[in-house]
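The values are calculated or read from the model by the stated rules, or taken from the named source; none is laboratory data. Since we're looking at a predicted model, the values are computed, not measured. Here the Cβ is made from the backbone with ideal geometry for all residues, glycine too, and neighbour counts use every protein chain on show. Accessible surface areas use protein heavy atoms only, side chains included; no ligands, DNA or RNA. Shrake-Rupley method; radii C 1.70, N 1.55, O 1.52, S 1.80 Å.
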Amino acid sequence: MIHNKAIITFLLLVGAFLVSCDKVRTAQTAGEQNAARLTYWCASNQDEINLAQELVDKWNRERPEIQVTLQPIPASQSSEEALLAAIAGKTTPDICSNMWPGAMDDFTSSGGLVRLDQFPDFMEYLQKRMPAELLESFRAPDRHYYQIPWKTNPIMVMYNKKMYREAGITQPIRTYSEYLSAAAKITRDVNGDARIDQWMGYRDIRPIWWQRLFDYYTFYIAASGGATLFDSTDIAFENAASVEVFRFFSAIYKNGYYPLTTFQGDAFLAGQVATQFTGPWNITHVENFKAPGFEYGIAPIPVPDDYTGLVYTYGDHKNISIFSTTKFPSAAWQFAKYLISAQADLRLLEICSQIPLRKNLTTDPLYREYFRDNPLMMQFAEQAPYTRGVDGSSVLKEIFDAISQEYEACAVYNKRIPEEAVANAAKRARVIVAWSHR
Amino acid sequence: MNSSRSNVNKMGNKAGYLMSLPYVLYFFLFIGFPLVFSFILIFHRWNIVTPMQWIGLRNFYRLFHDVQFFISIRNTLVFLVIHIPLQIIIALILALLLNQRIRLKGFFRALYFLPVVVSGVVITILWQQLYAYETGLLNLLMTKLGITKIPWLINTNWAMPSIAIMATWKNVGLYIVLFLVGLQGIPRYLYEAAEIDGAKPIQQFFHITLPALNSTMVLVVILSTIGGFSLFIEPFVMTGGGPINSTLSAMLYIYNQAFYFGHMGYAATLGFFFAFIILMVVLIQKKFVERKD
């Protein structure tokens, strides 16, 4: 009996304590009662979480009328999967800064996103920030904007300087012939055990659609002078540039310049491969984990020998969108403008090693010191205006899958000639598009 | 008297209903509802976020023209043809050995069962590294022994057998346990009688052990067939379905259609069609393997 009384008294005390705590909290936040409350999802890598946390903390201090709660995108195979699940479950955030343009069609057709050009200052703000031509490329098929172009990660060649030197390569590689010739010198048995243990490069050979963004597609954009897979609404990759790219990778695998192994870990940092196709985000990783004395450089994507003109590449853009579930679209737009402000862009460079989509980036005095201290980032920044994204199509993944199947058959296993493989991929892509319109 | 018995019965019924309620709820929520919903999806196009669109039997039209799906079914059958006999033979041999009076019997049983309880993804990544053509341990050993390297996962003829070997290694422990249970249920006097009649061990195996294990064999064949049909993690992690679709299993293809490409309706159609194939195969197997006596 005494035991029961003690339990009841204890529970009453705990209850009273919790109620008093709640009252204190209510009093503390009385000033924020009318504040707009936003949930903001950022990418789930640590650098971007750090950046977002810093920006959100500063914003919350300075703008008590709009309070933001930060949450990294929930764990999933990809951000797009997590966002699609959130749209289906009506649990989307107010704003998200990891929107891949290739998935926009799904988001917009579901009515999941706020039309951004409804805000009176949207066009003016964005036109001040970035080149008009680049801004235009992010317009949706209905001629409206649902994404705020934020950052790019131009894919370039990162190479091991020591391995280049040892192979007698003194100039950055610019063409397919130069790359293959260098590969013939670099790919070899270093320790004399009759097994090749050093290769020119490495790519994941599994037929996974998004892997092709970083080999076939990057090289296709470069070889074609900036073309993408679609020309308006028609399939446009059945051309000489695609054939050249397939032939180039076919030569690489036929000669064993890339291994067919699936590596666990970073083969570039381990000194097993001389080159990798990567974006500026990788600089932070390489700097953090490189061995003492490890030297590396950056070069544009190689192009066919007869190619002339500017070298374009895949931009791997990530943008900001506001979800239509938000109760505070104007507040979300205010916060989005803050995320792409000049100062926030500087922190994006400093913390994440990623390139903001901002015109005059390399000449703006605000960023001069950063680029002086980070010359490799300067190369990525100079490449940034010459990037292309992906087409906004609901069947883009399937088309990349079709390309991936043919790439594997032709380039990796030499079972088809490049012309036939490209024709097959284009034929399949047209069937996919036709099916999607039925 | 009758009234009190009726009250007890009613109370018993209530308790029974209450106790079965969690499973009934679970069944309707996670099996019944998805099953009915998937059936509805068969006649729709749906990518999770946009509204469902009625397309009648168009998913079936697509299915019967989908070459890749039939390749994935063929691959799955190839896997089963290699995996099931391999698994049964190895499991039976090891079970017969473990059924003898040997030292460290418990240790060996645990050892063979260990891969069954380890995460499938962990094992798959481990074997992916063992199988690696240029850097893998298996090819390193073969090179040292002067044997030509095997393109385990990068050759269309080798990739599926390699996956079948790995899957057998992972699952054999479970089937050893099942066979052991079966072996221990065979009366000892049958062997003693056979010995008196002059039957040799091999004759005892074929005329006593194997027939007595028939019900276990049916169970093992059905379980490994159903398990084999659900082949997914191994090709998903190791090969992505390659090289040139040679390890693209039906489950992997259905997964890609649903979760990569957002064709929920089509994936549901493939799922039902595939379930029908599994049912047919299991019924045929049961007819051939099961002995009436």
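Working only within segment A:376-402, note down all residues that are within 14 Å of chain B (Cβ to nearest Cβ) and of a type outside the set (Gly, Ala, Ser). Let's see the steps before the verdict.
Pass one, segment A:376-402, residues within 14 Å of chain B (Cβ to nearest Cβ): A:393-402.
Correct list: A:395, A:396, A:397, A:398, A:399, A:400, A:401.
I want to confirm something. Restricting to segment A:183-216 and keeping residues that are within 16 Å of residue A:254 (Cα to Cα) and free of Cβ contacts under 8 Å to residues at least 40 places away in the same chain, which single residue is farthest from the other protein chains (Cβ to nearest Cβ)?
So the residue we want is A:185.
Look at segment B:100-122 and say how many of its residues are open to solvent by less than 60 Å² (accessible area, probe 1.4 Å) and either within 14 Å of chain A (Cβ to nearest Cβ) or in contact with a Cys (Cβ under 9 Å, 6 or more places away or on another chain) (or both).
So the count comes out to 0.
Among the residues of segment A:35-52, count how many are closer than 22 Å to residue A:282 by Cβ and either touching a strand residue (DSSP E or B) at 6+ places or on another chain (Cβ under 8 Å) or of a type in the set (S, T, N, Q) (or both). Step through it out loud before you land on a result.
Quick first cut of segment A:35-52, residues closer than 22 Å to residue A:282 by Cβ only: A:42-52.
Still in the running and either touching a strand residue (DSSP E or B) at 6+ places or on another chain (Cβ under 8 Å) or of a type in the set (S, T, N, Q) (or both): A:42-46, A:48-52.
Residues flagged as closer than 22 Å to residue A:282 by Cβ and either touching a strand residue (DSSP E or B) at 6+ places or on another chain (Cβ under 8 Å) or of a type in the set (S, T, N, Q) (or both) within segment A:35-52 amount to 10.
Inspect all residues belonging to segment A:281-304 and state whether any of them is β-branched (Val, Ile, Thr), over 25 Å from residue A:163 (Cα atoms) and open to solvent by 10 Å² or more (accessible area, probe 1.4 Å).
Of segment A:281-304, the ones β-branched (Val, Ile, Thr) are A:283-284, A:286, A:298, A:301, A:303.
Of the ones still in play, those that are also over 25 Å from residue A:163 (Cα atoms) are none.
Checking segment A:281-304: not a single residue is β-branched (Val, Ile, Thr), over 25 Å from residue A:163 (Cα atoms) and open to solvent by 10 Å² or more (accessible area, probe 1.4 Å).
Might you let me know whether segment B:245-256 holds any residue that is hydrophobic (A, V, I, L, M, F, W, C) and within 14 Å of chain A (Cβ to nearest Cβ)?
As a first pass, look at segment B:245-256 and keep what is hydrophobic (A, V, I, L, M, F, W, C): B:248, B:250-252, B:254.
If we keep only those that are within 14 Å of chain A (Cβ to nearest Cβ) as well, we get B:248, B:252.
The answer is yes; a qualifying residue exists.
So how many residues does segment A:355-381 have that are surrounded by fewer than 12 Cβ atoms within 10 Å (Cβ to Cβ) and hydroxyl-bearing (Ser, Thr, Tyr)?
Within segment A:355-381, residues that are surrounded by fewer than 12 Cβ atoms within 10 Å (Cβ to Cβ) and hydroxyl-bearing (Ser, Thr, Tyr) number 1.
Which one of these does residue A:301 not meet: (1) modelled with pLDDT of 95 or more; (2) in contact with a Pro (Cβ under 8 Å, 6 or more places away or on another chain); (3) assigned to a loop (DSSP other than H, G, I, E, B)?
(2)
Of all the residues that make up segment A:233-265, how many are touching a residue at least 40 places away in the same chain (Cβ under 8 Å), farther than 22 Å from residue A:305 by Cα and not polar (S, T, N, Q)?
Result for segment A:233-265: 4.
Only one of these is open to solvent by 30 Å² or more (accessible area, probe 1.4 Å) and under 22 Å from the mean Cα position of the chain (by Cα): B:252, B:223, B:190, B:248. Name it. Before you say what the answer is, go through the steps one by one.
Details: B:252 fails: open to solvent by 30 Å² or more (accessible area, probe 1.4 Å); B:190 fails: under 22 Å from the mean Cα position of the chain (by Cα); B:248 fails: open to solvent by 30 Å² or more (accessible area, probe 1.4 Å).
One residue alone meets the criteria, B:223.
Can residue B:126 be described as within 14 Å of chain A (Cβ to nearest Cβ), closer than 20 Å to residue B:167 by Cβ and surrounded by 16 or more Cβ atoms within 10 Å (Cβ to Cβ)?
Taking the combined requirement at face value, the residue does not satisfy it.
Being more than 13 Å from chain A (Cβ to nearest Cβ) and among the aliphatic types (A, V, I, L, M) is the filter; apply it to segment B:35-56 and report the residue that is surrounded by the most Cβ atoms within 10 Å (Cβ to Cβ).
B:41
When the residues of segment B:229-244 are narrowed to those that are within 10 Å of chain A (Cβ to nearest Cβ) and either surrounded by fewer than 23 Cβ atoms within 10 Å (Cβ to Cβ) or not in a helix (DSSP H, G or I) (or both), which ends up modelled with the lowest pLDDT? Talk me through it step by step, then tell me what you get.
Taking segment B:229-244 as the starting set, the residues that turn out to be within 10 Å of chain A (Cβ to nearest Cβ) are B:235-244.
Still in the running and either surrounded by fewer than 23 Cβ atoms within 10 Å (Cβ to Cβ) or not in a helix (DSSP H, G or I) (or both): B:236-237, B:239-244.
Numbers: B:236: 94, B:237: 93, B:239: 94, B:240: 93, B:241: 94, B:242: 87, B:243: 94, B:244: 93.
Here the residue is B:242.
Within segment B:206-217, which residues are in a helix (DSSP H, G or I) and buried (at least 16 other Cβ atoms within 10 Å of the Cβ)? Lay out the reasoning, then the answer.
Applying the first criterion (in a helix (DSSP H, G or I)) to segment B:206-217 yields B:206-212, B:214-217.
B:208, B:209, B:212, B:216, B:217 - these are the residues of segment B:206-217 that are in a helix (DSSP H, G or I) and buried (at least 16 other Cβ atoms within 10 Å of the Cβ).
Just to verify a result, which residue in segment A:404-438, among those that are among the acidic types (Asp, Glu) and closer than 20 Å to residue B:156 by Cβ, is farthest from the other protein chains (Cβ to nearest Cβ)? It would help to see each step written out before you state the result.
So in segment A:404-438, the residues among the acidic types (Asp, Glu) come out as A:406, A:408, A:419-420.
Checking the rest, the ones that are also closer than 20 Å to residue B:156 by Cβ come to A:406, A:408, A:420.
On the way: A:406: 10, A:408: 6, A:420: 14 Å.
Here the answer is A:420.
Of all residues in segment A:200-247 being touching a strand residue (DSSP E or B) at 6+ places or on another chain (Cβ under 7 Å) and β-branched (Val, Ile, Thr), which is surrounded by the most Cβ atoms within 10 Å (Cβ to Cβ)?
A:221
Residues of segment A:142-169 being more than 30 Å from residue A:125 (Cβ to Cβ) and part of a loop (DSSP other than H, G, I, E, B), which ones? Lay out the reasoning, then the answer.
Taking segment A:142-169 and keeping what is more than 30 Å from residue A:125 (Cβ to Cβ), we get A:157-169.
A:167, A:168, A:169, listed by residue number.
Please work out if residue B:58 is at pLDDT below 95 and closer than 30 Å to residue A:108 by Cα.
On the way: at pLDDT below 95: yes; closer than 30 Å to residue A:108 by Cα: yes.
So residue B:58 passes the test.
Hey, can you tell me all the residues within segment B:9-34 that are open to solvent by less than 100 Å² (accessible area, probe 1.4 Å) and under 33 Å from the mean Cα position of the chain (by Cα)?
Step one: filter segment B:9-34 for residues open to solvent by less than 100 Å² (accessible area, probe 1.4 Å), giving B:9, B:12-13, B:15-16, B:20-22, B:24, B:27, B:31-32, B:34.
If the condition is that a residue be open to solvent by less than 100 Å² (accessible area, probe 1.4 Å) and under 33 Å from the mean Cα position of the chain (by Cα), then B:20, B:21, B:22, B:24, B:27, B:31, B:32, B:34 are the ones that fit.
Of all residues in segment A:76-104 being in a loop (DSSP other than H, G, I, E, B) and more than 17 Å from the chain's Cα centre (by Cα), which is farthest from the other protein chains (Cβ to nearest Cβ)? I'd like the intermediate steps shown before the answer.
Within segment A:76-104, the subset in a loop (DSSP other than H, G, I, E, B) is A:76-78, A:89-94, A:100.
Checking which are more than 17 Å from the chain's Cα centre (by Cα) leaves us with A:89-94.
Details: A:89: 10, A:90: 11, A:91: 13, A:92: 10, A:93: 15, A:94: 18 Å.
Out of the qualifying residues, it is A:94.
Restricting to segment A:306-332, name every residue that is outside any loop (DSSP other than H, G, I, E, B) and more than 22 Å from the chain's Cα centre (by Cα).
Filtering segment A:306-332 down to residues outside any loop (DSSP other than H, G, I, E, B) leaves A:313-314, A:318-323, A:329-332.
Listed by number, the residues that qualify are A:329, A:330, A:331, A:332.
For segment A:285-298, which positions are outside any helix (DSSP H, G or I), touching a residue at least 24 places away in the same chain (Cβ under 8 Å) and of a type in the set (A, V, I, L, M)?
Within segment A:285-298, just A:298 meets the criteria.
Any residue in segment A:156-178 that is among the β-branched types (Val, Ile, Thr) sitting within a Cβ distance under 8 Å of a residue that is part of a loop (DSSP other than H, G, I, E, B) and surrounded by 17 or more Cβ atoms within 10 Å (Cβ to Cβ)? List the pairs, counting only those 6 or more apart or interchain.
That search, which allows pairs on different chains as well, returns A:157/A:173; A:157/A:300; A:157/A:301; A:157/A:302; A:173/A:302; A:175/A:302; A:175/A:304; A:175/A:307.
Regarding residue A:368, is this residue farther than 28 Å from residue A:239 by Cβ and either within 14 Å of chain B (Cβ to nearest Cβ) or among the basic types (Lys, Arg) (or both)? Before you say what the answer is, go through the steps one by one.
Values: farther than 28 Å from residue A:239 by Cβ: yes; either within 14 Å of chain B (Cβ to nearest Cβ) or among the basic types (Lys, Arg) (or both): yes.
Criteria met by residue A:368.
What are the residue pairs meeting all of these: first residue in segment B:143-161, first residue within 11 Å of another protein chain (Cβ to nearest Cβ), second residue open to solvent by 60 Å² or more (accessible area, probe 1.4 Å), Cβ atoms under 7 Å, and 6 or more apart or on different chains?
B:143/B:149; B:149/B:133; B:151/B:133; B:151/B:158; B:152/B:133; B:152/B:158; B:154/B:133
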